[in-house]
Structure formats: C-alpha cells, structure tokens
Amino acid sequence: MNTPRKKIQLLPPELSNQIAAGEVVERPSSVVKELVENSLDAGAKTIEAVIENGGQTLIRVTDDGRGVDAEQLELAVTRHATSKIAELGDLMNISSYGFRGEALPSIASVSRFRMTSAPQTEDGGAGEASCIDVLYGVMKGVAPSALNRGTVVEVAELFSNIPARLKFLKSPATEQKKIQELFIRLALARTDVSFTLKAGSRELVRFEAGQSLARRLAILWPPAIVDALRPFDMTMGGMHLYGLSSDPRSSQPRPDRMLFYVNGRAVNDRLLMKAVRQVYQGRLTSRDYPQTVLFLDLPAQEVDVNVHPAKNEVRFRDEQGVFTAVLRAVGMALASVPLASERFAERASAPAAPEVPAFGYTRPLEPPVPEAEDNAAPAERTPRPAPKPMGFWGEADAMRIMKKPQPSPAPASSPAPFFDPEETVPAPHNSLREESSPELDFFAGLDRPPKRRAETATPPLEEEKIPTTQVEKEAAPKVASSALPLDDIPAMPEVSPLNDFRWLGQVARTYLVFSQKDDALLILDQHAMHERIFYEKFRKGGSRGMAQPLLVPLELDLHPAESSRLIEMQDTLTRLGFELSKRDSRCFVHAMPPEMDRAEAVSFLREALSGRVDDLNSVWIHHACATAIRAGQRLTREDALKLVSQWLQTEEPDFCPHGRPCAVTLDKADLERLFKRKQA
C-alpha cells in the first residue's frame, strides 16, 4: 500500500498544547495537583480547592501566595514559560514542584480558563489585581479585577472541546475520589500549610496548619491503624529519612497506605516500595502490605525528577545507597515491635545463661523459652496454598499424613466434633462451648486463660510430683494423663482416629507430637489445626447467613473512614449473619452470627472496618485465626486427641487457611539426615 509523502511542518500552538495536555492533564485530579503545586511554589500558607461534578464542571483553587504581576499573566499561560528555571544547570538542581512551564497552558487548552492574581508588593502588601481569560487555548487578554491577595484559578468545562477525552472520564464520584486522594497526598507533605477541599458547598477534608503528620493521618485512617504506626528518623550518607511505619500485625491486603515523598514531592517509586517490603519480609505474607509514610530528603543533584511528564516518578543516582538507607530507617521503626516469631531476637536479649561442662566441652544452657503468643499472618485473598516443594515434608508429599476416619457410629465417650458438616443450622454459641473439654475452652478469647476443673485442686503441671515407687503410685492422687510418664498412658481406644499413632506430648505448648509405629514422628501445629476447623465452620455457616437476634443492640462509634468502609462491606457482613443499621456516626448491631458472643462481634467488626480484612474469604480466615487456640496454650492428652479428631473431619486438613502446613512428618531417613548419619 503506497501512501503519499507528507511534508514535515511545525504544529500549530493549539494542537501542540493539546498534545502536551494529553501528557500532563490526564484527568481532573491532574489539574488539581498542578494548581495546588503552583500555589505551594508561590509560598501559599492557605490553599482551598473547590470542585463540582467530579471536577469536570468546575475546579477552583484559591491561595494566599505571592501572586503574578499583570504583565506576566500572558506568559504564565504560554507554553515553556516559567520562573522556576533559567538555564541548563537549574534542571539538575530542582527545588520547586513545577519547572517545565507546561501545566497552565496545557490546562487552558482543554477548558474555559480564568486566572486572577494580586501580586505581593515589596513591603508585603497586595498590588492591583488582574485577570486573564483563555477559551480552549485562545487568549482573550488581560483585564483589571478585584482580589485582596494571592491567586484564584478557575477551570470550567474540562475536555468539552475534546469529546474523545471526555468519554474516557469515570463517574463524577470516582473522579472526586481521585482528586481527594491526590489532594491528601500533597497535604501530608506540607504540614505547615492549611488545606481545604470542597465539593460544591460540602467540605470533604480540612487540614489546619501546624498539625503533625500523625494528627493528619488520624483524620484519614482508622484509630487502629494510626495507633500501630512507629516513627523513624535517620540521617545517612547525606540523606535524611523520616516518617511513620506500622506494626506488622496491622497489615492490610492493599498497598494504598504506602506513601513516598522525595524532597517533598509525592512519588510512586518501585525502589522505595521494594525496600520497605523487604524490611517486613518474614513478618508479612507476600500479599499483605504495611502502612508507611516515608520522606526522603537528599541533595537535588542526586535525584532526577525530570523523567515523567506528571513528575510522579524519579530516578536516583545511587539506587543501592537509597535502598540501604530505607532498609535501616524503616528497620528502626520495627526494632521496638515485639514479635513472637522472632525467637532469636528474644534469646539475644535474654540474660546470658551459665555455662556447664558437657561431654568434654562447655556450652551455654538455653534460656527457658517464654510462652509465645501466636502471631499468625493476616489473611490472604485465597485459601488455596501455593504448591509445596516435593520431598520437603517427607511422607506428606506422597499421601495424606493420616487418613480421614471412615464414618461409623462412635461410642458415647468419643469426642463430639465442633460442627456437624451435615447440619443445616449452626449450633448456638453456648452449646458449642459445652462440647469442648472442661480442661480447655476451644472458643476462649484471645486473652482468656484456659478454664480449670472446679472439682479438682490439681496444682500446675510444673509443680506436680511424679510418683516413682509402686507404693507412691498407688497412694498418689489421680492427675491429668498428660502429666503421667509415657508408660502410664493407657493405650489409645480402638475408635481413635489416630490408629497407628502414639501420643508423646506437647512441645513448647504449641506442637503436638506423635510417633507412628516407632518409625516416624508426626508434629502438628495446634493453632493451624484449629484455624482449619474454624475456617470451614465459618465458611459453611457464613454462607447460610444465619443470624442471632440481640435483645439489646450493640453500639459502635465509627470513625469517618470506618463509616465509608461499613457501606462497602454491608453485603459481606449481611451474608455473615450481621444485621446492622447506621445513624450519624454510630453503628447498631441488631443481630450477629450465632458462633460469636458480643465481645467477639465487636472485636471482629473493628478489624473489618479498619481495613485489615478485605473480601469475604479474608473475613472468614481472619476470624478463624483470631478465634482459634493460641500457641503457648497447654493441652491435655484428651484435648489433643479431641482436636485431632475434629481436624480430620475437615475437607483440607493438610494446610491452615493461610497456606501453612498443619502437620510435618520426620521419618527415619529424615532423622538420619538431621543427625548426618547419611548425606542427602
């Protein structure tokens, strides 16, 4: 196909401005960003933005900055005219937000544009105000106007002259949300400036000058998130890093609360995000994100801000140095956060143990391991775990570790399951409590200790004296079977689901240990097992949406962010069994899922409304994690067998809802490799 040869020619100014507008003015939020940044460059201490119809009908930004002289108004809306830089050297030493001289002419080429300004005089007063009108790129001239101080820029009928661009805009509500997000990001960087954003006459957000960063975040984020933030402040290699970063336990499944600033400019930078996520590696799952607001100040010549038309990306000269500095700075914020999973850190901080001779050499005795509170990672989006590497879990790769018991009538002494998979209505909460053993309440709250038998006065396990002689054994009172020597443990009943497995005991009050025909060890994680039981129970019960009416409704005071979240999660919570109503800033709970009590319902709603759980499946996983028995909780032999019996009734017992293994086997070959009898 032959096409006629066309001559090279200069583009008309109107067309070139519209091409530039396609890069700079992507949507109404881009206009707000450029105008607010111009106000900050002008030294404004008070900025107000008003939008209508998501910014499409009107955007008006008012400030009290230095203003623009009347004779420079035309240059202000002329492409490549700026007061920010004058020579090539200035381009490598940018200290302002804007510097290209493209924002105002690009905006004016796709809207009805008016700029009114009263320049500041040398003595600090206000000069005579003037205004300029531009109609879709065509200047209408400068005229006197009335304004006390600063500058007012009005952008009306955005993209009306470009229908192709107009149809790509989202709904007014979506565009308003984008504007609010960008406006907030600018406000967080300048706590010395007052910011106000309005939609018509309705105020969306207001920040007073002089507020701290944490105070401004408290206006935006729920209290549970803000309270978990830890400050950091560090100087390294000419770089100053400061800000706030969260406790790993307050993570969320989205990265929208990870904010980065370079020399005061809000940026989206993969290097900074990667560095922060690496700090949290091992403390969060791969699909969870921390909350972080990080400011990085470094010499202007060490960063290139001229790599993106919208100026929201940067390039560092020393990327490795920046990466290392972020690791250390954010690591400072996490240094004071106690994590039960970091056992090495706990031992390092413990007093040195005395040394005793052992087989010809000396070694320190290990300090006692404290009772660790389980810190399971927050819920992931999907319950199906990633495939495990072959050969890693021993026999678990070849087949299920323990086969599901065949359905058969169980004797009266056999433990009842937590839930009947065939039942159509979840059991009441109280009856579920009665099914658990007297020694352990499987539905206990996070901080509730296990109940002791009222009719016995058995001292704690650590204080029990084990009889040694036959006379002492006959005269000794009966104690829990888990406190007896292994030889005194009666044989497992034939109806036990464990069959060939023999109970050995509990290690670290977390792991249940069994032997299989003296040929292998089976180690079970009690928390992961109980998570699996509860997860499947909540998933089945939540899908039915059964609700337990409350005689006296629960009342919750809501933060504005929680109110918005409640509207988004209304359908999800209804499917779980909640009946909610909202009046002003209060939420009323009229019914809740039968498996919860009032305290658990309040705690769960706080977690859901703070954004720590996302979709419906995540809600079930998170609640299962919070309800399951914790690591560090002692189980008797009977409790352990009951837990295993119920765990084997689940559909996928090999993994917990987070994808962690519930069981690990060590056979003879694994033990030989551990003791280096055979090389792998």
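The values are calculated or read from the model by the stated rules, or taken from the named source; none is laboratory data. Computed from a predicted model, the values in this text were never measured in an experiment. Cβ coordinates were reconstructed from backbone atoms using ideal geometry, including for glycine residues, and neighbour counts include every protein chain displayed. Ligands, DNA and RNA are stripped out before the accessible areas are found, and what is left, the full protein with its side chains, is counted by its heavy atoms. Shrake-Rupley method; radii C 1.70, N 1.55, O 1.52, S 1.80 Å.
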*So, in nm, how far is label Ser171 from label Arg206 when the simple model puts each one 7 Å beyond its Cα toward the Cβ?*
2.8
*asked:* Loop-only GluC sites (Glu not before Pro) in region 593-680, please: DSSP not H, G, I, E or B, and at most 14 other Cβ atoms within 10 Å.
replied: Glu651
_Quick check on region 172-213: take the gyration tensor over C-alpha atoms, sort the square-rooted eigenvalues as a ≥ b ≥ c, and tell me if it's rounded (a/c under 1.5), prolate or oblate._
oblate
*If you add up the charges near Ser246, with Lys and Arg at +1 and Asp and Glu at -1, over every other residue whose beta carbon is less than 10 angstrom from its beta carbon, what do you get?*
+1
*Would you please give the residues with an amide H less than 5 Å from that of Ala126, counting only those at least 5 places away or on a separate chain, with H modeled from the backbone geometry?*
Thr121
*Using the structure shown, list the pairs from Lys84/Lys178; Lys140/Lys198; Lys198/Lys582; Lys6/Lys311 with a Cα-Cα distance above 32 Å, or answer none.*
Lys6/Lys311
*Once Lys and Arg get +1 and Asp and Glu get -1 on their Cβ, which of Phe260, Gly237, Ser250 lies farthest toward the positive end of the dipole of region 235-283?*
Ser250
_What does the extension gain come out to for Lys6 and Met139, with contour length at 0.36 nm per residue minus their alpha carbon separation?_
44.8 nm
*Counting Lys +1, Arg +1, Asp -1, Glu -1, what net charge surrounds Lys45 among other residues with beta carbon under 14 Å of its beta carbon?*
-3
*How high is the relative contact order of region 507-658, given as a whole-number percent (alpha carbon pairs under 8 Å, six or more residues apart)?*
35
*Which whole-Hz ³J(HN,Hα) couplings does region 515-531 yield from phi under the Karplus relation 6.51 cos²θ - 1.76 cosθ + 1.60, θ = phi - 60°, glycine and proline marked x?*
10, 10, 6, 6, 10, 7, 10, 10, 10, 10, 8, 5, 5, 4, 4, 5, 4
*Per-residue HN-Hα couplings for region 323-333 [Karplus 6.51, -1.76, 1.60; θ = phi - 60°; Hz; x = Gly/Pro]*: 4, 5, 5, 5, 4, 6, 5, 5, x, 4, 5
_Quick check: residue separation of Glu122 and Arg249 times 0.36 nm, minus the Cα distance between them. What number comes out in nm?_
40.3 nm
_Length released on extending from Asp571 to Lys84, taking residue separation times 0.36 nm less the Cα-Cα span_ = 170.2 nm
_Amide H contacts of Leu229 (H built 1.01 Å from N, under 5 Å, at least 5 apart or other chain)_ = Asp247
_Report the Cα centroid-to-centroid distance between region 215-270 and region 631-680 in angstrom, as an integer._
39
*Show the residues, 5+ positions off or on another chain, whose built amide H is closer than 5 Å to the amide H of Ala199.*
Ile51, Leu204
*Can you give the net charge of the other residues whose Cβ lies under 13 Å from the Cβ of Gly55, counting K and R as +1 and D and E as -1?*
0
*Probe 1.4 Å, protein heavy atoms only - accessible area per residue of region 189-344 in square angstrom*: 43
